[in-house]
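See structure below.
What follows is calculated from the coordinates using simple rules that are stated; it is not laboratory data. These numbers come from a predicted model, not from an experiment. Glycine gets a Cβ as well: all are built from the backbone with ideal geometry, and neighbour counts include every protein chain shown.
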Amino acid sequence: MKIIKNILVVFLFLGSSMLFAQKETEVINKANGLVKEKKYESAFDVLEKFDPKNKNPEVFLLKQDIVLKYFVTSLSHKMFSLKDIKPDEDIMDYRGKEGSSSAKMFDIEENLNELIKKHPKNYKLYKSLADFYYDAMLKYGNWTKAEGELKVLIEKNYKIAIENNAGDYMSHYSLGYLAILDEKFKDAIGYFSKSIELNNEYPTSNYNLSLAYLYSEDPTNALKYALKAYELYQEKEYKCDAARLVSQLYYETKDMERALNYIEIADQILPDNYYNLKLMVKLLLEKKHLAFYEKLNAFFNLAPANPAIYNDLEEIFYKSEQGERLVDFLNEKKNEKGYDDNTLGAIYFHIAKFSLYNGNKKVIKENALKAKGYFDKVFEKDHEIFSLIDQLISKSEQ
């Protein structure tokens, strides 16, 4: 009789476990269905009702996925607001903007650490903790923990997950990204290569592997993976970045024709992009190409009052030992109509500054004084530009 009772208890326990597992599966499937319909708040609420105390690892991991991917607002990644949206809408249309959404207190770090204590051999939890720390680092830098501490925690938890077959291509990618930040390029190459081995269709692993090889002074391998990234990217901005990187690498390998071809492709993808035009001006200057002046003019007119433009032009022209051409160009610009006082001040100031290279004291002083006259109309007397102008005038009088 006792044996029969024990058997009944076992069957009751097994039956209860099976029913619970069935219910868990139903809840997870329902939540996933709501996520597909973009009903993010409803999906979270279904999971929350089933497991309000965050005791169930699978349910918790889905909650985490929802809040991190689909939040409208996040407060220190400890409180998230969610919203059900229409099928033709995107959550990015709402993120960071005013409007109604439902706030959820959800401390991912605390709950994951508790779950790991109770389920130390569930290695998906370690991966998810690393994912969370990585996301917090990208969004906040120094989060409630310093960035250096976050890096240690990310690396530690990803490695535990990977060693126990719970990592994926993004785990390796994230470790590669950390290695790049710490200038450990050999390590980065290993991580990105493994990421590509696990998923060779993820373009950003290829792009960053290219950078790791570039920083390791291996432009041949860098070019191989930059080309692959360019092939894989579909979004305009990323495809443009990859085309520009390919152009830079062809330049590094002394293939000027292909370098020009790819920077032209980048320019077609995103016209009037600062970084495209900067590289294009450099290449066209060295190639002595007929389109040089047109692109130089386009680059300059992106922001003719911005010191960054002049710093980049100084590097391009004087590195090529063609500084006089830059001064000639600026002398043409100062006579064009339509520039405001700030821009004219910048033009005259930089003619004076660049004239230091040839030591023409008369030109330095004349243009410095002209710059001062225009900047007087724009800036207060204590602006730092006047100190720089006084230094130029002083050098012209020595």
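How long is the gain from Glu183 to Lys319 if the chain were fully straight, where each residue apart is worth 0.36 nm and the alpha carbon distance is subtracted?
Difference between extended and current length: 46.3 nm.
Which residue fluctuates most in the GNM of the chain (Cα springs below 10 Å): Glu237, Glu336, Glu149?
Comparing Glu237, Glu336, Glu149 in the GNM, the peak value goes to Glu336.
Segment 149-282: D in µm²/s via Stokes-Einstein (Kirkwood Rh, Cα pairs, 10 °C, 1.306 mPa s)?
Translational diffusion coefficient: 103 µm²/s.
Using alpha-carbon positions, what is the distance between the centroids of segment 167-185 and segment 47-108, in Å?
Here the answer is 27 Å between Cα centres.
Between beta-carbons, use under 14 Å as the cut-off and find the net charge around Lys365, counting Lys and Arg +1, Asp and Glu -1.
Neighbourhood net charge equals +3.
Stretched out fully, how many nm does the piece from Gln234 to Ala305 gain, at 0.36 nm a residue minus the Cα gap?
Using 0.36 nm per residue and subtracting the Cα-Cα distance, I get 22.1 nm.
To the nearest 0.05, what FRET efficiency results for His289 and Asn360 with a Förster distance of 45 Å applied to their C-beta separation?
Approximately 0.95, to the nearest 0.05.
How about segment 51-86: which trypsin sites (Lys or Arg not before Pro) there lie in a loop by DSSP and see at most 14 other Cβ atoms within 10 Å?
Lys53, Lys55
Which value in deg cm²/dmol, rounded to the nearest 500, describes the helix-derived mean residue ellipticity at 222 nm for the chain, given -39,500 (n - 2.57) per DSSP H run of n ≥ 4 and division by the residue count?
-23000 deg cm²/dmol
I'd like the FRET efficiency for His119 and Tyr140, computed as 1/(1 + (r/R0)^6) with the beta carbon distance as r and R0 of 45 Å, rounded to 0.05.
0.95
Classify segment 75-129: rounded, prolate or oblate, from the alpha-carbon gyration tensor (a ≥ b ≥ c, eigenvalue square roots; a/c under 1.5 rounded; otherwise prolate if a/b is larger than b/c)?
Note, shape of segment 75-129 comes out prolate.
Taking a ≥ b ≥ c as the square roots of the eigenvalues of the Cα gyration tensor of segment 303-398, is the shape rounded (a/c under 1.5), prolate (a/b larger than b/c) or oblate?
Since a/c reaches 1.5 but b/c is at least a/b, the shape of segment 303-398 is classed as oblate.
Compute the angle between helix 185-198 and the longest alpha-carbon principal axis of the chain, please, reported from 0 to 90 degrees and rounded to the nearest 10.
For 185-198 against the chain, the angle is about 50 degrees.
Please compute the length gained on full extension between Asn164 and Ser102, using 0.36 nm multiplied by the number of residues separating them and subtracting their Cα-Cα distance.
18.6 nm
Given points 7 Å out from each Cα along the Cα-Cβ axis, report the Arg258 to Lys78 separation in nanometres with one decimal.
Going by the 7 Å Cα→Cβ label model, 5.3 nm.
Who wins for biggest fluctuation among Phe317, Phe349, Phe379 in a Gaussian network model of the chain, springs between alpha carbons below 10 Å?
Its mean-square fluctuation being the largest, the pick is Phe379.
With a/c under 1.5 counting as rounded, go ahead and sort segment 121-219 into rounded, prolate or oblate using the C-alpha gyration tensor (a ≥ b ≥ c being the square roots of the eigenvalues; past the cut-off, prolate if a/b is larger than b/c, else oblate).
Here segment 121-219 falls in the oblate category.
Could you work out the percent of alpha carbon pairs in the chain separated by over 36 Å, rounded to a whole number?
For the chain, the share of Cα pairs beyond 36 Å comes to 49 percent.
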